[in-house]
Amino acid sequence: MTELGEPRLDVGTCESTQLLVDTSLPEGALVVADHQSSGRGRLGRSWEAPAGAALLFSVLLKPPPERPEPELALVAGIAVADALERLLGLSVQIKWPNDVMLRRKKVAGCLAEARDGAVVLGIGVNVEQTNDELPPDAGSIRTLTGRGWDRDDLLSTVLESLGNRYASWRAGGLDAVFDGLGPRDFLRGRQVTVNGTSGVATMIDREGRLAIAIDHGEVVKVESGEVAYAR
Ligand code: BT5
């Protein structure tokens with residue numbers, strides 16, 4: 001297991017925890033915010049959460065160069081799913097490439113950004129938001145289970161799972177964490193469109209690609225992109 005969370009910086013409001021991580025610090029350095037004024041998603045999108053309602057943090061990772069850094073968003077999704085399943089006793093899915101789903105709603109998102117030869121991994125988990133404070137396809141622990149959760153307890157559990165899964169991934173790649181991914185694949189069997197390719201999602205493969213069965217039994221593997229799916 002890799003110990004994550006030291007040194008730790010807690011801030012009230014910031015633009016984005018992603019920007020506050022100093023990459024010269026040792027691996028495991030953590031920034032936690034109560035609120036972000038410009039929380040970031042992938043591809044220039046934003047991550048929104050009212051003050052005091054969500055777990056918002058970034059952690060500094062220094063993976064070996066041979067490990068593909070985009071896989072870390074999946075590793076993070078697995079760790080968040082492990083933690084939520086352990087705490088809530090409910091099954092949690094991963095929607096390729098970086099969403100964590102509970103009761104078919106996005107409850108958390110992960111963002112792996114390469115910087116200065118390191119990776120700043122950001123995770124947002126919706127905890128106390130009401131439906132009015134969330135996008136339509138999103139949920140919070142509160143809206144989905146009827147109760148909230150102490151954000152510090154949640155953070156400790158997520159960091160512990162992440163430390164475990166990250167250590168396994170460092171040593172053995174996605175293969176070593178695949179037990180946490182394959183069975184949780186939210187898109188499997190659903191009609192999807194990614195980067196203009198439409199078909200039925202069949203699996204996430206061991207390189208982290210989404211396999212899509214298109215016409216005539218042909219399978220296309222997609223490395224990244226935004227997924228539109230049928231419910
Ligand atoms: C993600 O991006 O899902 C990655 C989100 C990472 C957020 C964390 S919070 C701590 C750290 N600091 C940051 O600045 N970011 C990280 P993506 O797949 O691009 O999803 C973004 C999309 O999700 C938006 O375009 C909205 O449609 C939707 N969205 C925004 N806020 C949301 C929320 N609270 N819950 C669920 N969906 C949300």
* Asked: Of the residues that make up the stretch 113-127, is at least one of a type in the set (S, T, N, Q) and over 30 Å from ILE212 (Cα atoms)?
  -> no
* Is the stretch 10-25 home to any residue that is farther than 27 Å from ARG209 by Cβ, under 17 Å from the mean Cα position of the chain (by Cα) and within 9 Å of the ligand (Cβ to nearest atom)? -> yes
* Structure fact -> Counting only residues in the stretch 68-114 that are within 20 Å of LEU25 (Cβ to Cβ) and open to solvent by 10 Å² or more (accessible area, probe 1.4 Å), the one modelled with the lowest pLDDT is identified as GLU69
* Asked: Which is of a type outside the set (Asp, Glu), more than 26 Å from PHE57 (Cα to Cα) and at pLDDT 95 or above, of THR197, THR202?
  -> THR202
* To do: Can you tell me which residue among LEU155, LEU159 is touching a Gly at 6+ places or on another chain (Cβ under 9 Å), away from the ligand (no atom under 13 Å from the Cβ) and open to solvent by less than 50 Å² (accessible area, probe 1.4 Å)?
  => LEU159
* Structure fact -> If we keep only residues of the stretch 115-125 that are open to solvent by less than 10 Å² (accessible area, probe 1.4 Å) and more than 6 Å from the ligand (Cβ to nearest atom), then the residue farthest from ALA81 (Cα to Cα) is ALA118
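The values are calculated or read from the model by the stated rules, or taken from the named source; none is laboratory data. Not measured: the values here are computed from a predicted model. All Cβ positions, glycine included, derive from the backbone under ideal geometry; neighbour counts span all protein chains shown. To get the accessible areas, we keep the full protein, side chains included, count just its heavy atoms, and leave off ligands, DNA and RNA. Shrake-Rupley method; radii C 1.70, N 1.55, O 1.52, S 1.80 Å.
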